[in-house]
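What follows is a single structure, written as structure tokens, with notes after it.
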Amino acid sequence: MTKITDVVDLEKQGEIAILMINNPPVNALSVGVRKGMADGVKAAMEDDSVKALVIACAGRTFIAGADITEFGKPPQGPGLEVPFGLIENGPKPVIAAIHGTALGGGLETALVCHFRVAVPSARFGLPEVLLGLLPGAGGTQRLPLVVGVEKAIQMIATGNQISAQEALKEGLIDEILEGDLVTGAVAFAKKVLAEKRPLRKIRDRREKVEAVKGKPEVFAEARKAFAKSRRGFEAPQACIDAVEAAVNFPLEEGLKKERELFAKLMMGSQSAAQRYAFFAEREVAKIPDVPADTPQIPINKVGIVGAGTMGGGIAMNCANVGIPVIIMEVNQQLLDKGLGICRKNYENTAAKGRITKEDVEKRMALIKGTLSLEDFSDVDMVIEAVYENMDLKKEVFGKLDKICKPGAVLASNTSALNINEIASATQRPDFVIGLHFFSPANVMRLLEVVRGEKTSKSVIATSMAFGKRIQKIAVLVGVCRGFVGNRMLAERSREANKLLLESGSPQQIDKVIFDFGFPMGPFTMSDMAGLDIGWNKATSKGATLRDRLCEAGRLGQKTNAGFYDYQPGNRTPIPSPLVEKMIKDFAAENRIPQRTISDEEILERSLYPMINEGTKILEEGIAIRPSDIDVIWIYGYGWPIYRGGPMFYADLVEVKKIYDKLVEFQKKEGEVWKPAALLEKLAKEGKGFKDFRR
Ligand code: 3HC
Ligand code: NAI
């Protein structure tokens, strides 16, 4: 065995050489790998005793792409084109032996090889678009030649992966190998030599794209579809441009176009935001005072209290990954209703072909109902999801404390109540934690894990791992009203309601927020959720505009009327002259002058109070890092990932500018606009949240 670099070895098995890449954790194409590949391939090509070369990886996966940590830094060592040229144009067959995930630059490496073999569990994809980029090492040029234009656009512009079985069907790989991969790949190489198979270069296979040549309408249609499904994202559009170049130009010219498009995206703010989000999403798991080796409590069975909107969704999350659940309700009717909704949700998913009918039965079999908390004596974790009422929650926790075995985690799904107070109803506050899911709980990726004053480290570590296991992005936060997400949302809502009275136009405010990249604006969102949340008909006295809308029977989409009108069965909001009049009257009664407000002011007044509140949250230690806040907003509230989250966005705008605006509004509007001390400090030092260190 010859060591080529620290992360690449070359060994020989008879006349077959094996280039082994060992760059944990995911064999990213760092400078050492690129250099090792270039030197190793060259050595194999020059060694007369070597007749064929296998490229394989040690550890958990084949190359998972370029080393993202190198992006934005000055380039070092050889570019990928060096080893790629040596492989593709060399005189000897090169075989990629793939396990785990061949992603991005990894799949591009495989595409310059002459043959590709893989284990049955291997997966393939070009996920660069998820980083706001496109494949920059030939992926956009070679993949369409193998799988055709339609499939290539699908894969490149969504970043979706395909299985080994699909890759075989598409002709992306030559064989699926059972057993030891390297042994199988060496045998495959020998077969190639024995059969004297010609070296097949993907670059020469143009049959699949000829049919689309000179058909710009195919690409125009794709651009239109992606402009809708990936609204606001630049990269998918550039991916389609690059694939079009693959069809219309010879390889070298197409590669040039790909490089230009790649460089442009790399310089843009969207990719910077998406790359930041990639690392932010992984950073949340790192908790300074809860080390990775903190002992965890095994979770083999979960109890859920309340089978309402949230309880049912949470139960589904557990069943989806095979965790048995017992769910408790106050009466049989409500229990049947809750379980019925779970079943219906699963059946809808099955009808879309995303799971099988057997999966529906398997998952439902894991969810058992009960009317008695006594049945929770053997669960390892309880998640309480009863009404948002402190007395009720304390009563439930008091009972759980008596029933549940010692060592069981007792969690609450409260969206705003004080976890410490809930914990005080038990004799084991160290085992009490908040697990704040977002609605619909079986869909939304975010989980706020709320650490109480006395919550033990082991319970925190267990809860974070549990979040990951049920495929959520778990972010640790501290106790305060509304935790991180809802506390910041409250700021935006407050200002949106003021803006509404001043501008008179829910549609203008909603459009500004929608155009910024959120899925919908605050008033469309309120209509969807229902205006009567927290509203009480008996005590309502028309004190707020919302009260008046509810009093008028305008409860939101469910009554086909809220801030907007709706046609029955249609969710498209239609501006309502009646609501406009109600706003005008309300503003007049309350002496709020109405005026034309610019979109810019609406955006600033919507986002800057959130950023200010986020800063207070950091100051108070409620969130560990600015990037944790960003992850919460991206995965819980639809903040557009290409804008990186509120704190990243603040740096993009410049903290100093935001500070100045807050001061300006403070003078006009009063103390709610007072900048947080940390924001003032950062602004005065010319710094941003990227510089924040605890
Ligand atoms: N570069 C640098 N670091 C990477 C990386 C990459 N491409 N991919 C993953 N990592 C790091 C992660 O940051 C994480 O580090 P940490 O442990 O310090 O937090 C560690 O590897 C493990 O990653 P995950 O926690 O994500 O591990 P999983 O097992 O859950 O997932 C994976 C593995 C599917 C490979 C996932 O990491 C992934 O999707 N990675 C990104 C793949 C990608 O985007 N590739 C394209 C890169 S761009 C490119 O190739 C450009 C080319 O066209 C020129
Ligand atoms: P829901 O009203 O849909 O469901 C609550 C269920 O709890 C009802 O079915 C009720 O019968 C049951 N219940 C009441 N007392 C009980 C008891 N003593 N024992 C067993 N079951 C009991 O309410 P939802 O929306 O599911 O909310 C539950 C909790 O989740 C609340 O704390 C809420 O703040 C929180 N939450 C709600 C979100 C939402 O969007 N709906 C989002 C995040 C958190």
Exercise. Given Val379, Val396, Val432, which one is in contact (Cβ under 8 Å) with a residue 24 or more places away in the chain, crowded, with 21+ Cβ neighbours inside 10 Å and closer than 17 Å to Ser456 by Cα?
Worked result: Val432
Problem set entry | Flag for Ala441 being touching a strand residue (DSSP E or B) at 6+ places or on another chain (Cβ under 6 Å) and not basic (Lys, Arg) | no
For this session: Would you check if Gly59 is more than 8 Å from ligand 1 (Cβ to nearest atom) and more than 19 Å from Ala38 (Cβ to Cβ)?
Result: yes
For this session: Could you identify the single residue in Ile622, Ile634 that is of a type outside the set (Asp, Glu) and in contact with a Cys (Cβ under 9 Å, 6 or more places away or on another chain)?
Result: Ile622
Problem set entry | Residues being among the aliphatic types (A, V, I, L, M) and within 11 Å of the chain's Cα centre (by Cα) - total across region 625-655 | 4
Exercise. Restricting attention to region 410-432, and to residues there that are of a type in the set (A, V, I, L, M, F, W, C) and under 17 Å from Gly311 (Cβ atoms), which single residue is nearest to ligand 2 (Cβ to nearest atom)?
Worked result: Leu417
Problem set entry | Failed criterion for Arg205 (all others in (1) surrounded by 19 or more Cβ atoms within 10 Å (Cβ to Cβ); (2) more than 28 Å from the chain's Cα centre (by Cα) hold) | (1)
For this session: Output the residue which, of all residues in region 231-268 that are among the small types (Gly, Ala, Ser) and under 18 Å from the mean Cα position of the chain (by Cα), is nearest to Val26 (Cα to Cα).
Result: Ala235
Problem set entry | Residue within region 556-565 that is assigned to a loop (DSSP other than H, G, I, E, B), within 23 Å of Lys511 (Cβ to Cβ) and out of contact with any strand residue (DSSP E or B) (no Cβ under 7 Å at 6 or more places or on another chain) present | yes
Problem set entry | Residues of region 522-555 classified as over 22 Å from Asp510 (Cα atoms) and among the acidic types (Asp, Glu), total | 1
Seminar exercise, completed: Among residues of region 374-402 being under 30 Å from the mean Cα position of the chain (by Cα) and closer than 21 Å to Ala416 by Cα, the residue farthest from ligand 1 (Cβ to nearest atom) is Tyr387
For this session: Those residues that are within 22 Å of Val330 (Cβ to Cβ), among the basic types (Lys, Arg) and away from ligand 2 (no atom under 12 Å from the Cβ), I need them from region 353-409; list them, please.
Result: Lys368, Lys402
Exercise. So which strands (runs of 3 or more DSSP E) stay within region 394-457 end to end and still have 1 or more residues that are aromatic (Phe, Trp, Tyr)?
Worked result: 432-437
Exercise. Across region 87-142, what is the number of residues that are small (Gly, Ala, Ser) and either near ligand 1 (Cβ under 9 Å from one of its atoms) or without any contact (Cβ under 8 Å) to a residue 12 or more places away in the chain (or both)?
Worked result: 9
For this session: Tell me which residues, restricted to region 672-694, are surrounded by fewer than 13 Cβ atoms within 10 Å (Cβ to Cβ), modelled with pLDDT of 95 or more and not small (Gly, Ala, Ser).
Result: Lys684, Glu685, Asp691
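The values are calculated or read from the model by the stated rules, or taken from the named source; none is laboratory data. Predicted model only: the values in this text are computed from it and were never measured. Methodologically, a virtual Cβ is constructed for each residue, glycine included, from the backbone with ideal geometry; neighbour enumeration extends over all protein chains shown.
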